[in-house]
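Read through the structure below, which is laid out as structure tokens, and then see the notes.
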Amino acid sequence: MTEHNFEQMRRAMVSNTLRTTGVNDPRVLAAMGAVARERFVPRERVAAAYADAPVPLGSGRELNSPIALGRMLTELSPREGERALVVAAATGYSAAVMERLTGSVVAVEEDPALIERALEVLSGSGIELIEGPLTEGHSAGAPYDVILIDGAVEFVPDALIVQLVDGGRMGLAILDQGVTRVALGRRAGDAFGVAPMTDWSTSILPGFAKPKAFSF
């Protein structure tokens with residue numbers, strides 16, 4: 001594969017995959033069209049970098065499919081100047097896209113091998129990479145205007161909710177009885193609500209199992 005091939009694949013991803021599946025925010029399309037996704041996948045899987053499917057990263061983790069990320073970002077609608085937290089940064093792709101949308105990103109990852117790759121790929125960027133539990137976010141950098149949980153979870157821990165500003169937004173996918181749904185969360189004072197937007201296949205994150213008797 002050459003750089004020219006990847007550029008063609010990236011343009012095709014935007015025009016043929018994202019635009020036709022509800023990713024209609026011009027800023028999200030531009031950001032995903034600018035970030036070289038092939039840099040964030042294992043070297044032996046670069047040919048699948050722009051496929052409409054998650055890319056295995058090892059240890060049970062995946063790089064979310066382009067559509068899943070694009071749909072979550074479209075619902076979240078991050079704006080320039082907002083402070084963003086990306087939870088489950090993996091190798092750093094979603095954080096790199098988010099940086100183009102907001103300009104200020106903190107990214108959290110708990111897998112040492114993944115964060116090592118992210119540090120390598122994102123060297124020289126303004127993204128602050130933090131190694132730590134996904135469910136805890138990064139309270140030292142809070143509050144955040146927007147939080148992206150890059151994957152599907154059964155519930156959102158309070159530790160993440162309190163890191164949002166009042167009126168802040170959260171993009172995520174909810175896992176419910178085997179179905180994943182792209183959703184938008186909002187904080188209003190001490191309250192937090194999640195509104196599912198559409199069913200979409202999304203990579204499932206570990207560590208976010210629903211506590212007994214919990215419901216949205």
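The values are calculated or read from the model by the stated rules, or taken from the named source; none is laboratory data. Note that the coordinates shown come from a computational prediction; the quantities given were computed from them, not determined experimentally. Cβ atoms come from the backbone with ideal geometry, glycine included; neighbour counts cover every protein chain shown. These accessible areas exclude ligands, DNA and RNA; they are computed on the full protein's heavy atoms, side chains included. Shrake-Rupley method; radii C 1.70, N 1.55, O 1.52, S 1.80 Å.
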Subject >> Residue within region 180-187 that is loosely packed, with under 14 Cβ neighbours inside 10 Å and modelled with pLDDT of 95 or more present >> reply: no
Original post:
Given the structure, is GLU62 closer than 17 Å to ASP150 by Cα, open to solvent by 10 Å² or more (accessible area, probe 1.4 Å) and either of a type outside the set (Phe, Trp, Tyr) or touching a residue at least 60 places away in the same chain (Cβ under 8 Å) (or both)?
Top reply: yes
Subject >> Failed item in (1) under 15 Å from the mean Cα position of the chain (by Cα); (2) modelled with pLDDT under 95; (3) assigned to a helix (DSSP H, G or I), with ALA53 passing the rest >> reply: (3)
Subject >> Qualifying residue in region 27-42 (condition: touching a helix residue (DSSP H, G or I) at 6+ places or on another chain (Cβ under 8 Å), outside any helix (DSSP H, G or I), in contact (Cβ under 8 Å) with a residue 12 or more places away in the chain and under 18 Å from TRP200 (Cα atoms)) >> reply: no
**OP:** Just name the residue that is most open to solvent (accessible area, probe 1.4 Å) out of those in region 65-80 that are of a type in the set (D, E, K, R) and assigned to a helix (DSSP H, G or I).
**Re:** GLU75
Original post:
Which number in (1) in contact with a helix residue (DSSP H, G or I) (Cβ under 9 Å, 6 or more places away or on another chain); (2) under 18 Å from LEU172 (Cα atoms) marks the one condition that GLU75 misses?
Top reply: (1)
Subject >> Residue list for region 88-126, filter: in a loop (DSSP other than H, G, I, E, B) and over 14 Å from the mean Cα position of the chain (by Cα) >> reply: GLY103, GLU110, ASP111, LEU122, SER123, GLY124, SER125, GLY126
**OP:** Give me the pairs, please: first residue somewhere in region 152-163 and open to solvent by 10 Å² or more (accessible area, probe 1.4 Å), second residue anywhere and charged (D, E, K, R), beta-carbon distance under 8 Å, and either six or more positions apart or on two chains.
**Re:** GLU154/ASP176; GLU154/LYS210; PHE155/LYS210; PRO157/GLU136; ALA159/GLU136; ILE161/ARG187
Original post:
Only one residue in GLY124, GLY137 is at positive phi and either open to solvent by less than 10 Å² (accessible area, probe 1.4 Å) or touching a helix residue (DSSP H, G or I) at 6+ places or on another chain (Cβ under 8 Å) (or both), so which one is that?
Top reply: GLY137
**OP:** Go through (1) more than 20 Å from ALA173 (Cβ to Cβ); (2) crowded, with 17+ Cβ neighbours inside 10 Å; (3) not charged (D, E, K, R) one by one and return the number of the condition MET32 breaks.
**Re:** (1)
Subject >> Odd one out for GLU110, checked against (1) farther than 16 Å from LEU57 by Cβ; (2) open to solvent by 10 Å² or more (accessible area, probe 1.4 Å) >> reply: (1)
Subject >> Any chance ARG83 is surrounded by fewer than 24 Cβ atoms within 10 Å (Cβ to Cβ), under 26 Å from ARG19 (Cα atoms) and either of a type in the set (D, E, K, R) or without any contact (Cβ under 8 Å) to a residue 40 or more places away in the chain (or both) >> reply: no
**OP:** Go through GLU75, GLU3, GLU7, GLU44 for me and flag whichever is acidic (Asp, Glu) and modelled with pLDDT of 95 or more.
**Re:** GLU75
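Within region 170-179, which residues are of a type outside the set (Asp, Glu) and surrounded by 12 or more Cβ atoms within 10 Å (Cβ to Cβ)? Reasoning before the result, please.
Residues of region 170-179 that are of a type outside the set (Asp, Glu), as a first pass: 170-175, 177-179.
Result: MET170, GLY171, LEU172, ALA173, ILE174, LEU175, VAL179.
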